[in-house]
Amino acid sequence: MTEVFAVVMITVLAVISPGADFAMVTRSSYLCGRKAGLLAALGIAAGVLIHVGYTMLGVGILIATSPVLFTAIQYLGAVYLIYIGFSTLRSRTHLAAAEDTPLNPSGFAAFRQGLMTNALNPKTTLFVLSTFTQMVNPDTPVWVQLAYGLFMAGAHGVWFSLVAMFFSQASLRTAMLSRQGMINRTIGSILMLLGASLALAPMAG
């Protein structure tokens, strides 16, 4: 019971802590509408399942014990965040609040952005690895491990779906779109700073 409580608490704290996933879903929701935001949230959850999958297969142990491999993941995640941040920062197109705006991404594109954000997010990698290596032991049944993984992914999906629904509200979205230049610069800068911090982290360690 203590193990379950620990997994729940660690997951909740990891989910609600602001990061690249929050910035990504906020960006998709206010720029492109609720559908894009919800699909990005689904991608975020799917990204967690990727980490759960390879951790359960034992690859996670290799990453946990290989600084070089983990550093490579950090750099990949950093480059992706800097690219998305720079694209947002440099956006000069004024969007209307209409759902049929030509900049609305396809469903797959919105999902892919969320997926890539968490699949290449060292914060998510470390969260899943540390939770499994600290809370799961060789005697833990596979179905229990799978339940933990599904809970982690589900918690991300629920939280970021709520974020998407909040930032895609008509009145709020209209207000944000009227100030989108400033908001784009803010979100873009945050994503680039997050990416830069990830890139510099291996050097600092």
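The values are calculated or read from the model by the stated rules, or taken from the named source; none is laboratory data. Bear in mind that the values here come from a model prediction, so they are computed numbers and not experimental data. Counting neighbours? That spans all protein chains shown, and the Cβs are built from the backbone with ideal geometry, glycine included. Surface areas here come from the heavy atoms of the whole protein model, side chains and all, with no ligands, DNA or RNA. Shrake-Rupley method; radii C 1.70, N 1.55, O 1.52, S 1.80 Å.
Residue by residue through the stretch 174-185, note down the ones that are loosely packed, with under 15 Cβ neighbours inside 10 Å and not small (Gly, Ala, Ser). Lay out the reasoning, then the answer.
Narrowing the stretch 174-185 to residues loosely packed, with under 15 Cβ neighbours inside 10 Å: 174-175, 178-179, 181-182, 185.
Scanning the stretch 174-185 gives THR174, ARG179, MET182, ARG185.
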So VAL12, is it at pLDDT 75 or above, more than 18 Å from the chain's Cα centre (by Cα) and assigned to a helix (DSSP H, G or I): no
Residues (of a type in the set (Ser, Thr, Tyr), at pLDDT 80 or above and either more than 18 Å from ALA36 (Cα to Cα) or assigned to a helix (DSSP H, G or I) (or both)) located in the stretch 157-205: SER161, SER171, THR186, SER189
Of all residues in the stretch 129-143 being open to solvent by 40 Å² or more (accessible area, probe 1.4 Å) and outside any helix (DSSP H, G or I), which is modelled with the highest pLDDT? PRO141
Can you spot a residue in the stretch 146-156 that is in a helix (DSSP H, G or I), more than 17 Å from GLY19 (Cβ to Cβ) and in contact with a Gly (Cβ under 9 Å, 6 or more places away or on another chain)? yes
Output for the stretch 49-87, where each listed residue is open to solvent by 40 Å² or more (accessible area, probe 1.4 Å) and in contact with a Phe, Trp or Tyr (Cβ under 6 Å, 6 or more places away or on another chain): none
Residues located in the stretch 16-37, provided they are assigned to a helix (DSSP H, G or I), open to solvent by 60 Å² or more (accessible area, probe 1.4 Å) and farther than 30 Å from THR140 by Cβ: PHE22, ARG34, LYS35
Report, ordered by the first and then the second residue, all pairs with beta carbons closer than 6 Å, sequence separation of six or more or different chains, a first member in the stretch 108-128 that is over 19 Å from VAL12 (Cα atoms) and crowded, with 24+ Cβ neighbours inside 10 Å, and a second member that is among the polar types (S, T, N, Q) and at pLDDT below 90. ALA110/SER28
